[in-house]
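*Asks:* Here it is: the structure, laid out below.
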Amino acid sequence: VQLQASGGGLVQAGGSLRLSCSASDFRLEHFGIGWYRQAPGKERELVAAITTAGTTNYADSVKGRFSISRDNAKNMVFLQMNSLISEDTAIYYCNLVPSSLSRGVWGQGTQVTVSS
C-alpha cells in the first residue's frame, strides 16, 4: 500500500496550494485517508482526515484554512490549503488513517515551503 502526494511548491505567506493524493493499486474510497506533515526537527503529525463517508476532521492549527476532499471517480484525495503561513512549511504525505494500516509504508511526500 503506497499513496503518492503531489502539488507542493513554494508559495508566499497568505497564498494557496492544492495537494493531490493518488494510488495506483487500490481504491482510496474504501479507506479513511489523511494528510500528514513533517516539519524539520518535528514529529510527523496528522493535519486533516476524511472518512469513507466523507466526514472530515482537522488539526486545530489548520482548521478554517485547510479543506480535505475526495473524488472517488478519479480515485484521488485533495488538500486545499489557504491562508498559508510559514509554520505550514513541511513535507506533506497522504496515507491511510490510521497510518498503521499501511504497515510503515510511506510515499515520498511533497514539499510545501511558505515564505514570509
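The values are calculated or read from the model by the stated rules, or taken from the named source; none is laboratory data. Everything numeric here is computed off the predicted structure, so don't read it as measured data. In this analysis, Cβ positions are derived from the backbone assuming ideal geometry, glycine residues included, and neighbour counts consider all displayed protein chains. Calculation scope for accessible area: heavy atoms of the full protein, side chains included, ligands and nucleic acids excluded. Shrake-Rupley method; radii C 1.70, N 1.55, O 1.52, S 1.80 Å.
*Asks:* First measure r as the distance between the Cβ atoms of Leu10 and Ala73, then evaluate 1/(1 + (r/R0)^6) with R0 = 25 Å and state the FRET efficiency to the nearest 0.05.
*Replies:* The pair Leu10/Ala73 has a calculated efficiency of 0.20.
*Asks:* Then there's this: Identify, among Ala59, Ala73, Ser86, the residue whose Cα sits farthest towards the positive end of the charge dipole of the chain, taking +1 on the Cβ of Lys and Arg and -1 on the Cβ of Asp and Glu, with the dipole about the Cα centre.
*Replies:* The residue sitting most towards the positive pole is Ala73.
*Asks:* If I build a Gaussian network model for the chain, linking alpha-carbon pairs within less than 10 angstrom, which residue out of Arg103, Arg65, Arg37 has the largest mean-square fluctuation?
*Replies:* For the chain, modelled as a Gaussian network with Cα springs under 10 Å, the answer is Arg103.
*Asks:* With the contact rule set at Cα under 8 Å and sequence spacing of 6 or more, what percent relative contact order holds for the chain?
*Replies:* Reported relative contact order: 38 percent.
*Asks:* Hey, another quick one. Give me the net charge of Glu43's neighbourhood, meaning all other residues with Cβ under 15 Å from the Cβ of Glu43; Lys, Arg count +1, Asp, Glu -1.
*Replies:* After counting each charged neighbour, the total is +1.
*Asks:* Do any GluC sites (Glu not before Pro) in region 1-105 lie in a DSSP loop with no more than 15 other beta carbon atoms within 10 Å, and if so, which?
*Replies:* Here the sparse-neighbourhood loop sites are Glu43.
*Asks:* With θ set to phi - 60°, apply the Karplus curve 6.51 cos²θ - 1.76 cosθ + 1.60 along region 30-46 and write out the HN-Hα couplings as whole Hz, x wherever there is a Gly or Pro.
*Replies:* 8, 9, x, 10, x, 9, 10, 9, 9, 8, x, x, 10, 6, 5, 10, 8
*Asks:* How big is the Cα convex hull of region 1-64 in projection, averaged over all directions, in nm²?
*Replies:* So the mean shadow area of the Cα hull is 5.5 nm².
*Asks:* Go through Trp35, Ile50, Gly14 and say which Cα lies farthest out towards the positive end of the charge dipole of region 1-52; charges sit on Cβ, +1 for Lys and Arg, -1 for Asp and Glu.
*Replies:* Gly14
*Asks:* Given axes a ≥ b ≥ c from the Cα gyration tensor, I'd like to know whether region 71-116 is rounded (a/c under 1.5), prolate (a/b larger than b/c) or oblate.
*Replies:* Oblate is the answer for region 71-116, as a/c is 1.5 or above yet b/c matches or exceeds a/b.
*Asks:* Working out 0.36 nm times the residue gap between Ala59 and Ser99, then minus their Cα-Cα distance, what length gain in nm do you get to one decimal?
*Replies:* 12.8 nm
*Asks:* For region 18-97, which whole-number percentage of the solvent-accessible area (1.4 Å probe, protein heavy atoms only) is attributable to carbon and sulfur atoms?
*Replies:* Carbon and sulfur atoms account for 47 percent of the accessible area of region 18-97.
*Asks:* Label the chain by shape, choosing from rounded, prolate and oblate, from the square roots a ≥ b ≥ c of the eigenvalues of the Cα gyration tensor; if a/c is under 1.5 it is rounded, and otherwise prolate applies when a/b is larger than b/c, oblate when it is not.
*Replies:* Because a/c hits 1.5 or more and a/b exceeds b/c, the chain counts as prolate.
*Asks:* For the chain, with only Lys/Arg (+1) and Asp/Glu (-1) charged at the beta-carbon, what is the dipole magnitude about the Cα centre, in debye rounded to 20?
*Replies:* Dipole about the Cα centre, nearest 20: 100 debye.
*Asks:* Further question: Taking amide H positions as placed in the peptide plane 1.01 Å from N, state which residues far from Met76 in sequence (5 or more) or on other chains have amide H under 5 Å from it.
*Replies:* Sorted by chain and number, the residues that satisfy this are Asp71.
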